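Each remark here refers to the structure printed beneath this line.
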Amino acid sequence: MPTHAEKKVLPYSSEQLFDMVADVRRYPEFLPWCVGARVISRTEDELIADLTIGFKMFRETFRSQVTLERPHHVHVRYLNGPFRYLNNHWRFAPVPNGTEVDFFVDFEFRSRLLQAVIGTVFNEAVRLMVRAFERRAYILYRRSAPPAGEPAPREA
């Protein structure tokens, strides 16, 4: 059903971006609609995590298996929750001016109501989430201007 794919070059190393995406427990600090994250288990190359998303009157938790292929690939495999399926990956390829990030997400909710609600705002929601990761990279690594149209984050 809803699918989003995006490639972009960011001025950070593959290792930095990999570490940021793999740090699932920090998602509620910066990711829109992510209201909870719990890492159930973690090894060097895999983690199992529960994420709770909240949107309007909806609040759903889902479990994923995240394969970590340092520093080039993070692959999310859906285990259980409100989706029929969820496919998500991040690929990081070094390029002369940083890292090319290849992001892909494809999912379908079990609930027709939830699918209808999300479907109307899906593209904008995914763009906001991708920009949230870009802002997070800027805050963590400060090697570029913030994403277009965004003011520079204030120091705490």
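Just the residues that are open to solvent by less than 30 Å² (accessible area, probe 1.4 Å) and within 20 Å of L79 (Cβ to Cβ), please, taken from region 12-34.
Hits for region 12-34 are V21, A22, V24, Y27, L31, C34.
Just checking, how many residues over region 35-50 are of a type in the set (V, I, T) and either open to solvent by 80 Å² or more (accessible area, probe 1.4 Å) or in a loop (DSSP other than H, G, I, E, B) (or both)?
1
List the number of the failed condition for E108; all other conditions in (1) of a type in the set (D, E, K, R); (2) in contact with a Leu (Cβ under 9 Å, 6 or more places away or on another chain); (3) open to solvent by 60 Å² or more (accessible area, probe 1.4 Å) hold.
Among (1) of a type in the set (D, E, K, R); (2) in contact with a Leu (Cβ under 9 Å, 6 or more places away or on another chain); (3) open to solvent by 60 Å² or more (accessible area, probe 1.4 Å), the lone unmet condition for E108 is (3).
Just to verify a result, which residue in region 52-64, among those that are in contact (Cβ under 8 Å) with a residue 24 or more places away in the chain and open to solvent by 30 Å² or more (accessible area, probe 1.4 Å), is nearest to L113 (Cα to Cα)?
By that ranking, first place goes to F58.
Conditions tested, residue by residue: (1) in contact with a strand residue (DSSP E or B) (Cβ under 7 Å, 6 or more places away or on another chain); (2) of a type in the set (F, W, Y); (3) touching a residue at least 12 places away in the same chain (Cβ under 8 Å).
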residue	(1), (2), (3)
A5	yes, no, yes
Q16	no, no, yes
W33	yes, yes, yes
A37	yes, no, yes
I48	yes, no, yes
P71	yes, no, yes
G81	yes, no, yes
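The values are calculated or read from the model by the stated rules, or taken from the named source; none is laboratory data. Computed from a predicted model, the values in this text were never measured in an experiment. Every residue, glycine among them, receives a Cβ derived from its backbone with ideal geometry; neighbour counts consider all protein chains shown. Protein only, heavy atoms only, side chains kept; ligands, DNA and RNA dropped before computing areas. Shrake-Rupley method; radii C 1.70, N 1.55, O 1.52, S 1.80 Å.
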